[in-house]
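Just below is one structure, and these are the notes that go with it.
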Amino acid sequence: MTNSVELQRIVERVRAAAADATPLDIRGGGTKNFYGEVASGEPLVTSELSGITSYEPSELVVTVRAGTPLAELEALLADQGQCLPFEPPRFAHPANPGVRGGTVGGMVAAGLSGPSRASVGAVRDYVLGATLVDGRGEVLHFGGTVMKNVAGYDVSRVLAGSLGTLGVIAEVSLKVLPVAPAEATIEFACEQADALRLLNEWGGRPLPLNASLWRRRDGAGVLSLRLRGAVAAVDAACRHLGGALQAAEPAAAGWQSLRDQQHPWIADREANGGASANTDDLWRLSVPQTAPALSLDGSPWIEWHGGQRWYQAGQGQAERMRATARAVGGHATLFRAAGRTEATDASAPAARFDALSVPLARIHRALMKEFDPHRIFNRGRLLPEA
């Protein structure tokens, strides 16, 4: 990988940009351009860094170039009965195969996880190692390909959620896991407060909980619970919990829609004069799972056993959203702004993320300065320009 022609092209481009202080906007599949603060720069597309470098199914580890489509990696893993258990959103609609979808590098850079995150861990928990091109045009290697090599200050995991501000991710090594032998989805009719109480109660029991979703459907509250694990464990949990067992195929399609954020409640936002009638912003509130129902308008979608709550709100609700999240020990992110499809669209509100505390902001900026001294990578995408 280190001496590949494609990587050398990236290195030369970065060195030229550093020499004349030209900002670069790192992009993979372009599926998460809506996410993050307003950024600027010339596009630096990583699609040429594509392919599986190595895969050892018996070792549960795969090394992948960053521009590899996520769908390609998951197809390879599926052939061996393995998966990325944290279910990163792919953002490509299954009915539109012409859309390339997200890439492995974008998956790590964004740090987003799907419905199972609360039960199995996040993206960063599965990153074993990484190759990075820093702001000097140097090729750096971090971590390894087995868990025992991951020790000390783990830079490879720091890359998760960095939104390209530390460098160009060229390659990553990931831990993978076998697909669970059994899966079942059961549903319960209940209101939000009861759903949160049940999830907290079940979380203290030895149940194969994998994912959960509470929302209002046809005017009534519905809690969907996905169980994954050994056949005997899933069967016993279904008998113990009760609820209405859902047909396998439509249930799987529903979870996939949630994972890829293709359900209209989440995906539809009026953008650039589009046809969608939904002009509300989409907010993601990360709160303790034990937090009670929040005093906000509208009915949320609640995932991660209560830890992730999605709200729709009209523009101008940022302070209320953030104050409500802070009051229960969480934080709020303006995930999708109505009317904005690009992270370079300055017409959208700039405050996408909660302000960091002074110590955390200092650490973030020190890391950025160390890895990108000329400030050329995705400037302003994660933190506002100082």
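The values are calculated or read from the model by the stated rules, or taken from the named source; none is laboratory data. The model shown is predicted, which means the values in this text are computed figures rather than measured ones. Please note: Cβ atoms are built from the backbone with ideal geometry, for glycine as well, and neighbour counts cover all protein chains shown.
Restrict the check to the stretch 25-40 and report whether at least one residue is in contact with a Phe, Trp or Tyr (Cβ under 8 Å, 6 or more places away or on another chain), under 22 Å from His141 (Cβ atoms) and not in a helix (DSSP H, G or I).
Checking the stretch 25-40: at least one residue is in contact with a Phe, Trp or Tyr (Cβ under 8 Å, 6 or more places away or on another chain), under 22 Å from His141 (Cβ atoms) and not in a helix (DSSP H, G or I).
For the stretch 238-247, name all the residues that are within 10 Å of Ile186 (Cα to Cα) and either free of Cβ contacts under 8 Å to residues at least 40 places away in the same chain or assigned to a helix (DSSP H, G or I) (or both). Walk me through it before giving the result.
Initial filter on the stretch 238-247 (within 10 Å of Ile186 (Cα to Cα)): 238, 241-247.
Hits for the stretch 238-247 are Cys238, Leu241, Ala247.
Looking only at the stretch 278-324, how many residues end up being assigned to a helix (DSSP H, G or I), of a type in the set (A, V, I, L, M, F, W, C), within 21 Å of the chain's Cα centre (by Cα) and over 22 Å from Arg217 (Cβ atoms)? Show your work before the answer.
So the first thing to find is which residues in the stretch 278-324 are assigned to a helix (DSSP H, G or I), and the list is 304-306, 318-324.
Checking the rest, the ones that are also of a type in the set (A, V, I, L, M, F, W, C) come to 304, 318, 321, 323.
From what's left, within 21 Å of the chain's Cα centre (by Cα): 304, 321.
Okay, now just the ones that are also over 22 Å from Arg217 (Cβ atoms), so 321.
Qualifying residue count, the stretch 278-324: 1.
Identify all residues within the stretch 217-233 that are within 15 Å of Pro300 (Cβ to Cβ) and at pLDDT below 95; write none if there are none.
Passing the criteria: only Arg217.
Which residue is nearest to the chain's Cα centre (by Cα), if the candidates are limited to the stretch 61-73 and must be farther than 14 Å from Val123 by Cβ and in a helix (DSSP H, G or I)?
My answer is Ala71.
Within the bounds of the stretch 19-27, is there any residue that is farther than 30 Å from Ala355 by Cβ and touching a strand residue (DSSP E or B) at 6+ places or on another chain (Cβ under 6 Å)? Reasoning before the result, please.
Going residue by residue through the stretch 19-27, those that are farther than 30 Å from Ala355 by Cβ are 19-20.
Subsequent filtering for residues that are touching a strand residue (DSSP E or B) at 6+ places or on another chain (Cβ under 6 Å) retains none.
No - not one qualifying residue is present in the stretch 19-27.
Hey, among the residues in the stretch 21-58 that are touching a Ser or Thr at 6+ places or on another chain (Cβ under 9 Å) and of a type in the set (Val, Ile, Thr), which one's farthest from Ser173 (Cα to Cα)?
Ranking the candidates gives Val38 first.
Scanning for something over 20 Å from Val127 (Cβ atoms), modelled with pLDDT of 90 or more and outside any helix (DSSP H, G or I), does the stretch 6-21 turn up at least one residue?
Within the stretch 6-21 (the criterion being over 20 Å from Val127 (Cβ atoms), modelled with pLDDT of 90 or more and outside any helix (DSSP H, G or I)), the answer is yes, since at least one residue qualifies.
Conditions: (1) aliphatic (A, V, I, L, M); (2) within 18 Å of Val179 (Cα to Cα); (3) touching a residue at least 24 places away in the same chain (Cβ under 8 Å). Ala253 meets all but one. Number of the miss?
(3)
What are the residues in the stretch 50-66 that are more than 21 Å from Leu112 (Cα to Cα) and not polar (S, T, N, Q), if any?
Of everything in the stretch 50-66, those that are more than 21 Å from Leu112 (Cα to Cα) and not polar (S, T, N, Q) turn out to be Gly51, Ile52, Tyr55, Glu56, Pro57, Glu59, Leu60.
Only residues in the stretch 155-184 that are within 15 Å of Gln82 (Cβ to Cβ) count as the first member; pair them with residues that are among the β-branched types (Val, Ile, Thr) and surrounded by 23 or more Cβ atoms within 10 Å (Cβ to Cβ), Cβ under 6 angstrom, at least 6 apart or cross-chain, and list the lot.
From the stretch 155-184, the pairs are Leu174/Val62; Val176/Val62.
Does any residue in the stretch 280-306 that is on the phi > 0 side of the Ramachandran plot come within less than 8 Å, Cβ to Cβ, of a residue that is among the basic types (Lys, Arg) and crowded, with 18+ Cβ neighbours inside 10 Å six or more places away or on a different chain, and which pairs are these?
Trp304/Arg117
Which of (1) of a type outside the set (Phe, Trp, Tyr); (2) in a helix (DSSP H, G or I); (3) surrounded by 16 or more Cβ atoms within 10 Å (Cβ to Cβ) is the odd one out, the single condition Val222 does not satisfy?
Evaluating Val222 over (1) of a type outside the set (Phe, Trp, Tyr); (2) in a helix (DSSP H, G or I); (3) surrounded by 16 or more Cβ atoms within 10 Å (Cβ to Cβ) leaves (2) as the failure.
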